[in-house]
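The values are calculated or read from the model by the stated rules, or taken from the named source; none is laboratory data. Please read these numbers as outputs of a predicted model, since none were measured by experiment. Virtual Cβ from ideal backbone geometry, glycine too; neighbours counted across all protein chains shown. These accessible areas exclude ligands, DNA and RNA; they are computed on the full protein's heavy atoms, side chains included. Shrake-Rupley method; radii C 1.70, N 1.55, O 1.52, S 1.80 Å.
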Amino acid sequence: EVQLVESGGGMVQPGGSLRLSCAASGFTFSNYEMSWVRQAPGKERDWVAAISRSGDRTYYADSVKGRFTISRDNAKNTVYLQMNALKPEDTAVYYCNVRTSGIRHWGQGTQVTVSS
């Protein structure tokens, strides 16, 4: 069974930083691209970032380019999202995401709140 467990969310002031973690299990982690997706209250889910199997390629939504960094540690089956220069509009529940056998899997999410 695929399991994704996000952690590291919290409340931070604008301009602050947080690092999110996603612990994965139930599949061969190193064989899959991993993604982060976020959802603000009452809004649609938005893709944030993705990272290739080995970690050598990364992709970002325009809204977070230059501020967020996705990374992974295949030995730990963990993907990270370093978030810097946070803005109020980054407030959302952040989800780890993977597609295996044509099915997309989600974690439980971790809340990020950016407010003064």
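Of note:
- Relative contact order computed over the stretch 5-55 (Cα-Cα under 8 Å; 6+ residues apart), in percent: 27 percent
- Under 20 Å from the Cα of LYS76 - aspartates and glutamates, other chains or at least 8 residues apart: GLU1, GLU6, GLU33, ASP56
- Computed from the C-alpha gyration tensor, the three semi-axes of the ellipsoid equivalent to the chain are 23, 14, 13 Å, from longest to shortest.
- Environment charge at GLU89 (Cβ cut-off 12 Å; Lys +1, Arg +1, Asp -1, Glu -1): +2
- Accessible-area composition of the chain, carbon plus sulfur, in percent [1.4 Å probe]: 44 percent
- Cross-link reach list, lysines versus LYS87, counting only Cα pairs under 20 Å and skipping chain neighbours closer than eight places: LYS43, LYS65
- Excluding ligands, DNA and RNA, the accessible surface per residue across the stretch 41-116 is 56 Å² with a 1.4 Å probe.
- DSSP beta bridges confined to the chain are antiparallel in about 95 percent of cases.
- Gain in span if fully extended, LYS65 to VAL2, counting 0.36 nm per residue against the direct Cα distance: 19.8 nm
- The length gained on full extension between THR113 and SER25, counted as 0.36 nm times the residue separation minus their Cα-Cα distance, comes to 29.0 nm.
- Net charge of the neighbourhood of THR100, taken over other residues with C-beta under 14 Å away and scored Lys/Arg +1, Asp/Glu -1, is +1.
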